[in-house]
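Have a look at the structure below, then the notes.
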Amino acid sequence: MKYLYEFFRDPFGTLRIKLSDEIKLFADFIEDIPTEEEADEYIELVENVLNGLHQKFEIQLNATSVLIKKDMTVLEHFFRYEEPYENEMETEQFKELMLIWKDKIPERFKKNEN
């Protein structure tokens, strides 16, 4: 993964992801993916764009929308009060981020054992 990230538990014990500043808004999209099955659906959509099956594809979740194109994916955040309202990252990196998140989903709501 080209971008820095780390996992942390919020005050409620839920596993979250912190991303480097240039892509930090993608965390709100990623954290809205609740199951491995849903992650697989989105990863398949990204692969369809990367493989040329679709020229572009848009996914809208609770507070965000991602426009996936072959080279870049642009995230728009609907509820931010101050800039930035958008972030972008390479589509291959977006796919890798979703794969990283998918691997963490099973432990998302487990109690921290420390």
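Computed quantities for the displayed model
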item: Residue count, region 2-30 (criterion: touching a Leu at 6+ places or on another chain (Cβ under 7 Å) and not in a strand (DSSP E or B)); result: 7
item: Scope region 1-18; condition surrounded by 12 or more Cβ atoms within 10 Å (Cβ to Cβ), touching a helix residue (DSSP H, G or I) at 6+ places or on another chain (Cβ under 9 Å) and in contact (Cβ under 8 Å) with a residue 40 or more places away in the chain; matching residues; result: TYR3, TYR5, PHE7, LEU15, ILE17
item: Test: residue in region 67-82 that is basic (Lys, Arg), modelled with pLDDT of 95 or more, out of contact with any strand residue (DSSP E or B) (no Cβ under 7 Å at 6 or more places or on another chain) and assigned to a helix (DSSP H, G or I); result: no
item: Hey, ILE43 among the hydrophobic types (A, V, I, L, M, F, W, C), assigned to a strand (DSSP E or B) and on the phi < 0 side of the Ramachandran plot or not; result: no
item: Of residues in region 21-52 being of a type in the set (Gly, Ala, Ser) and without any contact (Cβ under 8 Å) to a residue 60 or more places away in the chain, the one surrounded by the most Cβ atoms within 10 Å (Cβ to Cβ); result: ALA27
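The values are calculated or read from the model by the stated rules, or taken from the named source; none is laboratory data. No experiment lies behind these values; they were computed from the predicted model shown. Ideal geometry is used to build each Cβ from the backbone, glycine not excepted, and the neighbour counts take in all protein chains shown.
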